[in-house]
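Here's the structure we're looking at; comments come further down.
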Amino acid sequence: MPKLKTNKAVAKRFKITGTGKLKRFSSGHGHMLEKKSPKRKRRLRTATLVDKTMEKNYKRVMPYAK
């Protein structure tokens, strides 16, 4: 059976935690930051976990992620 290719776009955006869950960073922290409140920008800096409904799809395109 041939080797499977990792989807690099997904691999760059998500990291696998020690328990096997996917960690992601929030969107909306790239530009137009002057109109966002400091509280909102602080919240967007923190990482969060991927929803369980999408986790299976992302793991499928990262076959060698442990």
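The values are calculated or read from the model by the stated rules, or taken from the named source; none is laboratory data. Not measured: the values here are computed from a predicted model. Quick reminder, even Gly has a Cβ in these numbers, built from the backbone with ideal geometry, and neighbours come from all protein chains shown. What goes into the accessible areas is simple: the full protein's heavy atoms, side chains included, and nothing from ligands, DNA or RNA. Shrake-Rupley method; radii C 1.70, N 1.55, O 1.52, S 1.80 Å.
Is it the case that some residue within segment 44-63 is open to solvent by 90 Å² or more (accessible area, probe 1.4 Å) and touching a residue at least 24 places away in the same chain (Cβ under 8 Å)?
Applying the first criterion (open to solvent by 90 Å² or more (accessible area, probe 1.4 Å)) to segment 44-63 yields 45, 51-53, 56, 60.
From the residues that got through so far, the ones that are touching a residue at least 24 places away in the same chain (Cβ under 8 Å) too are none.
No, segment 44-63 has no match at all.
Could you check how many residues of segment 3-52 are touching a Gly at 6+ places or on another chain (Cβ under 6 Å) and β-branched (Val, Ile, Thr)?
Of segment 3-52, the ones touching a Gly at 6+ places or on another chain (Cβ under 6 Å) are 44.
After this cut, where a residue has to be β-branched (Val, Ile, Thr) as well, the list is none.
Result for segment 3-52: 0.
Any residue that is open to solvent by less than 50 Å² (accessible area, probe 1.4 Å) and touching a Ser or Thr at 6+ places or on another chain (Cβ under 6 Å) - is there at least one of those in segment 35-43? Please lay out each step first, then the result.
We begin by selecting, within segment 35-43, every residue open to solvent by less than 50 Å² (accessible area, probe 1.4 Å); these are 36.
Restricting the remaining residues to those that are touching a Ser or Thr at 6+ places or on another chain (Cβ under 6 Å) gives none.
No, the conditions are met nowhere in segment 35-43.
State which residue is least open to solvent (accessible area, probe 1.4 Å) when the search covers only segment 13-33 and only residues that are among the hydrophobic types (A, V, I, L, M, F, W, C) and part of a strand (DSSP E or B). Steps first, please.
Step one: filter segment 13-33 for residues among the hydrophobic types (A, V, I, L, M, F, W, C), giving 14, 16, 22, 25, 32-33.
Going one step further and asking which of them are part of a strand (DSSP E or B), we end up with 16, 22, 25.
Values: Ile16: 52, Leu22: 0, Phe25: 134 Å².
The extreme case among them is Leu22.
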